[in-house]
1. Scan the stretch 279-312 for residues that are surrounded by 16 or more Cβ atoms within 10 Å (Cβ to Cβ) and not hydroxyl-bearing (S, T, Y) and jot them down.
2. Are any residues in the stretch 7-37 of a type in the set (K, R) and either surrounded by fewer than 21 Cβ atoms within 10 Å (Cβ to Cβ) or under 30 Å from I216 (Cα atoms) (or both), and if so, which ones?
3. Specify which of the listed residues (L100, L87, L116, L123) is in contact with a Ser or Thr (Cβ under 7 Å, 6 or more places away or on another chain) and within 21 Å of T273 (Cβ to Cβ).
4. Please go through the stretch 40-82 and give me each residue that is in contact with a helix residue (DSSP H, G or I) (Cβ under 8 Å, 6 or more places away or on another chain) and under 30 Å from R251 (Cα atoms), ordered by number.
5. Among the residues of the stretch 82-108, which ones are open to solvent by 10 Å² or more (accessible area, probe 1.4 Å), among the hydrophobic types (A, V, I, L, M, F, W, C) and either over 24 Å from T131 (Cα atoms) or in a strand (DSSP E or B) (or both)?
6. Somewhere in the stretch 375-390, is a residue β-branched (V, I, T) and under 22 Å from I308 (Cα atoms)?
7. If you take the residues of the stretch 361-384 that are among the aliphatic types (A, V, I, L, M) and crowded, with 21+ Cβ neighbours inside 10 Å, which of them is nearest to V471 (Cα to Cα)?
8. Which of the strands (runs of 3 or more DSSP E) found entirely inside the stretch 167-258 contain at least 1 residues meeting this: open to solvent by 60 Å² or more (accessible area, probe 1.4 Å) and farther than 29 Å from M143 by Cβ?
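The values are calculated or read from the model by the stated rules, or taken from the named source; none is laboratory data. Note that this is a predicted model, so its numbers are computed, not measured. Quick reminder, even Gly has a Cβ in these numbers, built from the backbone with ideal geometry, and neighbours come from all protein chains shown. For accessibility, only protein heavy atoms count, side chains too; no ligands or nucleic acids. Shrake-Rupley method; radii C 1.70, N 1.55, O 1.52, S 1.80 Å.
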Amino acid sequence: MFYQPVIGLEIHCELKTKGKMFCGCPNNPDEVRANFNVCPVCLGHPGTLPVINRRAAESVLKLGLALGGRISSVSHFDRKSYFYPDLPKGYQISQYQQPLVKGGNLNGVRITRIHLEEDTGTLSHDKDNHTLVDFNRAGIPLMELVTEPDIKNAEEAVAFAKELRLILRYLGISGANMEKGEMRIEVNISVSQDDKLGVKVEVKNLNSFKAVEEAIKCEIQRQTAILERGEKIVQETRGWNEAKRETVSQRFKEESHDYRYFPEPDLPPLDLTEFRLEESKHSLPELPAEKRIRFEKEYGLTAIQTEIIIEDIRVVKYFEEAAGELKFQILNSPATRDTAQQDKFQILYNYLTSDLFGLMAEQGIALKDLKIVPKQLAELVGLIIENEISSRIAKDVLKEMFLTGLSPRQIVQEKELSQISDVGEIENVVKKIIAENLKAVEDYKKGKENILQFLIGKAIADLRGRGNPEVIKKIFKKLI
């Protein structure tokens, strides 16, 4: 019997702001000293008053505009009442009736709302079974995005979450590092045999895309097995047990009335007409979906190649700066005009993602610490295209650039690595190789075509990698 899963997501992301949501304490997710970034406001002391962090509100509005959401003219905060050890006030300041953003769409999934709230503290458990509370995170601005139940499987859910993470990073409003807890995902899953929604079960606080995918698949299997036995699904909140690869019951699922929402009396409504929304909309950066289209069209990259580049905004900036320099070289160098422009960008892509990334991984060097600037990488590619150096020599030059930070042209000149263009010199080497490999030459004449590549390799080695393979090949064919 076929059961249709229906999935909705609730995604929480900590925002990049200098201060917390309602007080002036530093928003520093990397702080290691427990309970250091705290004050009476974020500790929930009686008599303290919150003040709205404008930058946090602007960040959520920016995301709403990027996703095509409707910005409310007025928004206000609500109290969401529940007790938990890491929630010092006994309630959370959140949004319910009038969130900052309603609607929107991403990857074909409708967005219900995007609202702003404050994060809770963190709990840790020691070996003596004590629970310790750290309030450094309490009060950090937390965006929550809720989708409609439009997702049909685990793969779609992961694709949505990954694309959202990219957009958050492109907008510069969140690092969205799941390993640091800056982005947490909750999935709502129901299974039914018809178009009606089944009973919803929430799986909370998934902190990796792998956990999201596995938790969804396991929960679908669990619910399907219950229905096949003729039993009923219980609406509840479950957690993900990584070790056992299963969801586990935590508590019965609350309804919205259980939280006793009511308007936050200590905060005024936000007049969103004061936030210059049109100006913000026009200042949005080029988003990942737009970059994919442009990269494939402008640079001739494949979909897979484009994805590798745009996955990291720092790599995007590096590649685009190098590509811009290469375009300038193409316009100003007659020697490069015979090569198709998109082929040039393919060479640039290959040297960046294969050779340069390989050196970085080997030496444990991050992009921000790299000695090679984009202009130098473009210059190296230009030397290859202009046949000043061979692709084999280029790899050696790149290694030297990586170690010293010198320009490729300077390295080529100092080490005399320029490609030999003197046909007479190349011809003398080819004659020498033919004389030393008469049997191989005879085999080639008898039809063993692969022998020619062997002879060309010998000649290139004799020329210390400085001979043009195509020129060498033509001379071999002429002389044999």
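1. Correct list: L287, P288, K291, R292, F295, G300, L301, Q305, I308, I309, I310.
2. Within the stretch 7-37, K16, K18, R33 meet the criteria.
3. L100
4. Answer for the stretch 40-82, where residues must be in contact with a helix residue (DSSP H, G or I) (Cβ under 8 Å, 6 or more places away or on another chain) and under 30 Å from R251 (Cα atoms): K80, S81, Y82.
5. L106
6. Yes, the stretch 375-390 contains at least one residue that is β-branched (V, I, T) and under 22 Å from I308 (Cα atoms).
7. From the stretch 361-384, those among the aliphatic types (A, V, I, L, M) are 361, 365-367, 370, 372-373, 377-378, 380-381, 383-384; that's our starting set.
Now restrict to residues that are crowded, with 21+ Cβ neighbours inside 10 Å: 372, 377-378, 380-381, 383-384.
On the way: I372: 31, L377: 26, A378: 25, L380: 21, V381: 20, L383: 17, I384: 15 Å.
Step by step, filter the stretch 361-384, then rank; the result is I384.
8. Working: elements: 183-192, 201-206, 236-241, 246-252.
Once the strands (runs of 3 or more DSSP E) in the stretch 167-258 are filtered for at least 1 residues that are open to solvent by 60 Å² or more (accessible area, probe 1.4 Å) and farther than 29 Å from M143 by Cβ, what remains is 246-252.
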